[in-house]
Structure formats: C-alpha cells, structure tokens
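Data first, discussion second: the structure below is written as structure tokens.
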Amino acid sequence: MPTKTDPPLTLRGMTPMLVSVLLFSVNTLAIRAVAMHAPAADGWIASLFRGIVGLLVVFALHGRGRGLRMDRLFANRLVALRGVVGGLAIIIFYVTIVKLGAARAVILNLTYPVFASAIAALWLKEKLSRASVIWMLVGLCGLAIFLSGDGKLFHPSAYDLLALSGAASAGWVVVIIRKLRHQEHPATIFASQALYSLLIACPVVARLPQIPPVAWAGLTFAAIVVAIAQLEMTRAYQIMSVAKGSSIQMLLPIVTGIGGFLCFGETFQRMEILGATLTLLATWRVVARK
C-alpha cells in the first residue's frame, strides 16, 4: 500500500527513463567520436563490444544472487525472445544507418513507439487513448522536421522497409520487457539482449586486431554507458506504460543533437529547432495524461 513518503508513480518511472535517454545519447556520441578516429570500428564491432561489456557490467552489478539469473536466458522462452529480437533490431539499426544515413534511419527507427503502443494495447490490454496516438504522431512529425535535411524522407526504398521492420522489432521488445516486469529481474532481461547481441556479432571477432587501443577504450566506455542505460530503461518500463515510456525515448535525437552541437560544433536551422520544440511539446502531452 503506497504511503505518503512514496514518490509518485510517474516520477518513479520518469526518472530512470530520462536517465536512460541521457546515457543513450552519450553512447551515440561516443560511438561517433570513435568512428571518426577509427573507421574500422563500425556498427558490428560496436555491437560486439556492447554484448561483451554488457554481460560484464550486469554481472558486476547484479550477479551472485543480486538479481541476475543466467539460467533464465534459456529456460524462459520470452526472455530468450527478448534477446534474439533485440539483438536483430540493433543490427538492423546499424545497417540502415550505413545505407540510409543517420537522419533517415533514426526517423524510421523512432516509429517504434507507435508499434509498441499498438502491440501493448492488443497483447497487454494497456489503454491507449486517441489523444495519445495523435500526440505521438505529432512528435514523430517533429522528429522528421528536426532530423531530415536531405529532402528524401518520403521516397521509400527497400532499406526503408527494413528500417520499419527494425522499428517494429524494437516496439515488440519494449512490450516483452513490459510483459516480463512481474516475472524477471531487469538485470536478467537486459542480459538476454547482451548475450544474443554478442552471438549475432561474433563473426567479426577476427577484425578486432585492426582496432587501435584508443578505439578499444572508447568502445568499452560506450558499451558501459549503454549497459547502464538499458538497465535504467528496463527498470522504468516495469513502472511506466509502454505509451508513456516510449514517448520519452523520442527525446533521444534531440538530446543527441544538443550533444553534437556541444561536442562537434554541429549547428541547427530554424526549422530544426521548430521540430525539436514540437517533439518536446508532444512528449509532454503524452506523459502528462492521466
């Protein structure tokens, strides 16, 4: 029974979700910095580090009876499915970034809140109001304005369809996390993604000697950051609904854009600022709804 000292439910969920957005942004900027200095450290290598370091981090924080259960990664089919689908979604995202460019790939990938909310409404029977759907679509429009500068957003290709399939997979993963909230510890849920990401990316192990020591350090840092981000996001989804949680994740490209301005001197035009403002407004409207 909640007491007067308990934090509000939305605050308990929003705090780790916002922390995860910040950490995901730091991870993205770190990966970009590494790739600028060492082109051989591509998405496959980053995914490999993400899997290896993720397992080490989750074991250090939650191993030895502190929540992590490695046996559940195979014994629970839903946990295993979370790992396989999540690992594939990460690879698809990296592939589409190369083929479509970062802006177009991120726009398409960030349609996952719509997929997640629809799946959650059908599978978990979570309530999804018409207003929430409208504001989420408004937020996506804001992201399109913010990120798309090449004028090719509405000319789909086969890789666009691949990106949408990755977004649908990511949405499915979010719903699986929500489904598992009463069954498994967040550490076990995250470890499944780390393990299967490692297995999917293991063929590139032979390329590791080509990576300079500085890149190793940068990739390790990025992997540690994203591991903590995943744990925070998983914990938040155990409290927040899929619609509210995923709408907050739509802030990621805006936070990353601010980081790009501060770290790499990237600038933004008036329309891009307008798009960012539109997404912030839409996110606030979804989160603020009862």
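Computed quantities for the displayed model
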{"read-out": "Wholly within segment 171-276, helices (runs of 4 or more DSSP H) carrying at least 2 residues that are surrounded by fewer than 21 Cβ atoms within 10 Å (Cβ to Cβ)", "value": "186-201, 213-237, 252-264"}
{"read-out": "Residue match in segment 75-87 (condition: open to solvent by 50 Å² or more (accessible area, probe 1.4 Å), within 20 Å of the chain's Cα centre (by Cα) and more than 18 Å from A163 (Cα to Cα))", "value": "yes"}
{"read-out": "Unique residue being modelled with pLDDT under 85 and touching a Phe, Trp or Tyr at 6+ places or on another chain (Cβ under 6 Å) when the list is G43, G13, G65", "value": "G43"}
{"read-out": "Lone unmet requirement of (1) of a type outside the set (S, T, Y); (2) over 21 Å from T28 (Cβ atoms); (3) at pLDDT 90 or above for I52", "value": "(2)"}
{"read-out": "Test for I224: is it under 14 Å from the mean Cα position of the chain (by Cα) and at pLDDT 90 or above", "value": "no"}
{"read-out": "Residue count, segment 118-143 (criterion: surrounded by fewer than 17 Cβ atoms within 10 Å (Cβ to Cβ), part of a helix (DSSP H, G or I) and at pLDDT below 80)", "value": "0"}
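The values are calculated or read from the model by the stated rules, or taken from the named source; none is laboratory data. These figures come from a predicted structure and were not determined experimentally. So basically every Cβ, Gly included, is an ideal-geometry build from the backbone, and we count neighbours across all protein chains shown. Side chains are part of the model used for accessible areas, which takes the heavy atoms of the whole protein and leaves out ligands, DNA and RNA. Shrake-Rupley method; radii C 1.70, N 1.55, O 1.52, S 1.80 Å.
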